[in-house]
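Visitor: Here it is: the structure, laid out below.
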Amino acid sequence: MDKLLDFDRLKESQVDNLLNTSFFLKGNFSRIKDKKPLSGKNILLLFLEPSTRTKTSFELACSALGANVIHVSQLDSSITKGETLENTLKTLGSYPIDALIIRDSKDDSAILANSIMKCPVINAGTGRKAHPTQSLSDMMTLIEKGVKLDELKICIVGDVQNSRVAPSTNFCFTKMHSEVAICAPRYFQPNDLDMNRFTSFASLNDALEFADVIMALRIQNERLQGHQIDLNDYVNNFRITKELLKKYSVKFLLHPGPVNENVEIEKGLIDSKISLISDQVENGFWVRASVLLNVLGGGI
Ligand code: CP
């Protein structure tokens, strides 16, 4: 694997390989990190949107594997002076960089970066389109709990229109033969035709009846751009509660985070037995370390 731009470009065997490496790293890390397999590599984190989980876990994974990490954010770059992303990438491409990890608000920024940079590009979340390492982490989390992906029925609930996690989840779980559905109010229905291929539930009760696993999505307030939503309607009809999960025998709850507590899910659910939210965060580290090793070829 020489880059990770989006999930739809990966073969099933590559997904299996990334997941196997993630589990191997988790089981053998003290031995592997002593070898510093990415020693001498310069990895640039270009995060042009805020992030806690993805940025921290990529940075920790780079450091633990022995790489040098260079940060560029929107605020401390010349983008604030009007330099375009294209020219920023050309500038950064002049330096001896071994990999670029990019997060940006535009759908095609990772593809643009790949067309400009000579080094491998890794997508850390772009636009409303792609968040491949989140999907890898979610798959690892479910497999770890004994879920067989080819028997899984998963329903994504909430702001499907503005989420980058929703299309990534759809692509990756479908690739691994899970049955995927979506459940969204009319104001969060997807515009993307690809997303309209999936079974869609208008009622949360029907979604809960269908699903073994519910993935609640964050309401992407920063992408609503003045578009009015009815928050009371959302909370009354789409908020996931402990009582509902129990009533319908849902096995697990996922949420990519950050959570708007008491809006997308009932307060307290994050730490409940059914929630795998902290496992998703933890496994983000292992899958990102796996992606780095697969892309940069560090022997373990
Ligand atoms: N899930 C996710 O991408 O979280 P961050 O924005 O905190 O990285």
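The values are calculated or read from the model by the stated rules, or taken from the named source; none is laboratory data. Here the structure is a predicted model, which is why all the values come from computation and not from measurement. Heads up, the Cβs are rebuilt from the backbone with ideal geometry, glycines too, and the neighbour counts pull from every protein chain shown.
Visitor: So which residues in region 48-87 are of a type in the set (Ser, Thr, Tyr) and without any contact (Cβ under 8 Å) to a residue 40 or more places away in the chain?
Guide: Thr56, Ser63, Ser73, Ser77, Ser78, Thr80, Thr84
Visitor: For region 59-86, which positions are within 16 Å of the ligand (Cβ to nearest atom), in a helix (DSSP H, G or I) and in contact with a Leu (Cβ under 8 Å, 6 or more places away or on another chain)?
Guide: Correct list: Glu59, Ala61, Cys62.
Visitor: Examine region 86-102 for a residue that is of a type outside the set (Lys, Arg) and under 16 Å from the mean Cα position of the chain (by Cα), and state whether such a residue exists. First the steps, then the outcome.
Guide: Restricting attention to region 86-102, the residues satisfying the condition of being of a type outside the set (Lys, Arg) are 86-89, 91-102.
Going one step further and asking which of them are under 16 Å from the mean Cα position of the chain (by Cα), we end up with 101-102.
Yes, region 86-102 contains a residue that is of a type outside the set (Lys, Arg) and under 16 Å from the mean Cα position of the chain (by Cα).
Visitor: Separate question: For Val291, state whether it is touching a residue at least 12 places away in the same chain (Cβ under 8 Å), assigned by TED's automatic domain parsing to the domain that holds Ile101 and within 16 Å of the ligand (Cβ to nearest atom).
Guide: The answer is yes for Val291.
Visitor: Then there's this: Going by the conditions given, is Pro167 closer than 24 Å to Leu10 by Cβ, of a type outside the set (Gly, Ala, Ser) and in contact (Cβ under 8 Å) with a residue 60 or more places away in the chain?
Guide: Numbers: closer than 24 Å to Leu10 by Cβ: yes; of a type outside the set (Gly, Ala, Ser): yes; in contact (Cβ under 8 Å) with a residue 60 or more places away in the chain: no.
No: the conditions fail for Pro167.
Visitor: Test each condition in (1) within 13 Å of the ligand (Cβ to nearest atom); (2) farther than 16 Å from Thr54 by Cα; (3) of a type in the set (Phe, Trp, Tyr) for Phe285 and report the one that comes out false.
Guide: (2)
Visitor: Additional query: Please find, among Ile116, Ile101, Ile111, the residue that is within 14 Å of the ligand (Cβ to nearest atom) and farther than 21 Å from Leu217 by Cβ.
Guide: It is Ile101.
Visitor: Restrict the check to region 182-201 and report whether at least one residue is in a helix (DSSP H, G or I), at pLDDT 90 or above and of a type in the set (Gly, Ala, Ser).
Guide: no
Visitor: Condition check: surrounded by 12 or more Cβ atoms within 10 Å (Cβ to Cβ) and in contact with a Gly (Cβ under 7 Å, 6 or more places away or on another chain). Does Phe238 satisfy that? Write out each step before concluding.
Guide: Values: surrounded by 12 or more Cβ atoms within 10 Å (Cβ to Cβ): yes; in contact with a Gly (Cβ under 7 Å, 6 or more places away or on another chain): yes.
Criteria met by Phe238.
Visitor: Does Leu136 satisfy the criteria of being within 14 Å of the ligand (Cβ to nearest atom) and either under 15 Å from the mean Cα position of the chain (by Cα) or within 26 Å of Asp108 (Cα to Cα) (or both)?
Guide: In short, yes.
Visitor: Any idea which of (1) of a type in the set (S, T, N, Q); (2) touching a helix residue (DSSP H, G or I) at 6+ places or on another chain (Cβ under 7 Å); (3) free of Cβ contacts under 8 Å to residues at least 40 places away in the same chain is the one Thr21 doesn't satisfy?
Guide: (3)
Visitor: Considering only region 1-58, how many residues are among the β-branched types (Val, Ile, Thr), within 19 Å of the chain's Cα centre (by Cα) and in a helix (DSSP H, G or I)?
Guide: 4
Visitor: Right, something else. Of the residues that make up region 242-252, is at least one within 29 Å of Lys11 (Cα to Cα) and not small (Gly, Ala, Ser)?
Guide: yes
Visitor: Additional query: Are any residues in region 119-133 under 18 Å from Leu10 (Cα atoms) and away from the ligand (no atom under 16 Å from the Cβ), and if so, which ones?
Guide: Pro120, Val121
Visitor: Here's something else I'd like to know. Regarding region 236-245, can at least one residue be identified that is within 16 Å of the ligand (Cβ to nearest atom) and within 19 Å of Leu142 (Cα to Cα)?
Guide: For region 236-245, residues within 16 Å of the ligand (Cβ to nearest atom) and within 19 Å of Leu142 (Cα to Cα): absent.
Visitor: Hey, could you check region 252-272 for residues that are surrounded by fewer than 17 Cβ atoms within 10 Å (Cβ to Cβ) and away from the ligand (no atom under 16 Å from the Cβ) and say which is nearest to Glu222 (Cα to Cα)?
Guide: So the residue we want is Asn262.
Visitor: Related question: Looking for whichever is modelled with pLDDT under 95, surrounded by 15 or more Cβ atoms within 10 Å (Cβ to Cβ) and of a type outside the set (Phe, Trp, Tyr) here; the options are Met215, Met176. Which one fits?
Guide: Met176
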